[in-house]
Structures are given as structure tokens and as C-alpha cells.
Amino acid sequence: LNGYMAYTLCTDMYTGGPHGTRDITYLNFEKATGKYVQKEDVFNISKDSVLLDLILRKIMSDRGVTTKKQLHEISSITVVGDIYVENNFLLEEMGITFVYNAYEIASYADGTIFVFLPYEDMKDVLKIRPNSQNQ
């Protein structure tokens, strides 16, 4: 995305138990200032519920279901924890990818959950202008 750069951190851990785990963390920065970009810089926080609904609908669509009940029947998504918006997202050319690591919103068996939303779908909740050359 013009005006921004991102780092991806992959952390592999084993602290005992049946398996290790890998966490993926995205860090976005403004190129001009080096400022770490947080969700408050990208999203209108007063519209968090709208963004959460978009994320949930995308998760359901990606898995071929239309209700939260069906989602529970085929996965543990939202059984372990509710979906939320945090600073773990990647600003991309065409949209934003949100990442939920194991045990954040689902069990280890569901793996890392990536949710891609196009900017067009989020136009009502964005503070940034993704197509602007001034970024």
C-alpha cells in the first residue's frame, strides 16, 4: 500500500505439551515517519461493531456457512474466544488481512485464521484512503 510498509514476524515456540505453535504478527509502519500504525490509525473505532460483523461474515463465507451456529458445527471459531479487532493486521494493496493465531478465537486444530477484506467492503469504517497517492 502506498505510504506504508510492513514486517511479518513468525515466532515458533514449544513450551511442552503435545505440540509447538507458531504465531504470526504483522507490523505496519508509515514510510515517511516510521510511525507504527495501530488499529486506531486505520479504523474508525466507533464503528468496531460494523468491522467485526464484516470479519465474521467473511470467516463464514470462506467456510461455506451462513450462520454462527453452522460455523460452530464445523469449527471451534468463536467457541474459544470472540472475534475482535486488534493490531495484528496487514495493510495490502487491495485490502487488509487480519490474522488470528491459534487459541485466540479458535482451537489449535483450526490453525492460524487469515481474514482478507477488500478496502471497498470497509469504506465505511476506514480512516485511511487506500487509493490516495498522498500516503
Excluding exposed DSSP-loop GluC sites (Glu not before Pro) (at most 14 other C-beta within 10 Å), longest clean stretch of the chain: 1-85
Output the 0 to 90 degree angle, nearest 10, between the alpha-carbon long axis of helix 48-62 and the longest principal axis computed from the alpha carbons of the chain. 60
Would you work out what percent of the accessible area of the range 1-75, with all protein chains in place, is carbon or sulfur (probe 1.4 Å)? 52
Aspartates and glutamates with Cα under 20 Å of residue 69, excluding same-chain neighbours fewer than 8 positions away: 53, 82, 104, 110
With label points built 7 Å along Cα→Cβ from the Cα atoms of residue 24 and residue 9, find their separation and express it in nm. 1.6
Based solely on its DSSP helices, what 222 nm [θ] is calculated for the chain when runs of n ≥ 4 H residues each add -39,500 (n - 2.57) and the sum is averaged over all residues, nearest 500 deg cm²/dmol? -5500 deg cm²/dmol
As an exercise, take the mean of 1/r over every pair of distinct alpha carbons in the chain, invert it, and state the Kirkwood radius in angstroms. 15.9
Which values, in whole Å and largest first, are the semi-axes of the equivalent ellipsoid of the range 1-53 obtained as the square root of 5 times each eigenvalue of the Cα gyration tensor? 29, 19, 8
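The values are calculated or read from the model by the stated rules, or taken from the named source; none is laboratory data. All of these numbers come straight from a predicted model, not from anything done at the bench. Note that each Cβ is placed from the backbone with ideal geometry, even for glycine, and that neighbours are counted across all protein chains shown. Protein only, heavy atoms only, side chains kept; ligands, DNA and RNA dropped before computing areas. Shrake-Rupley method; radii C 1.70, N 1.55, O 1.52, S 1.80 Å.
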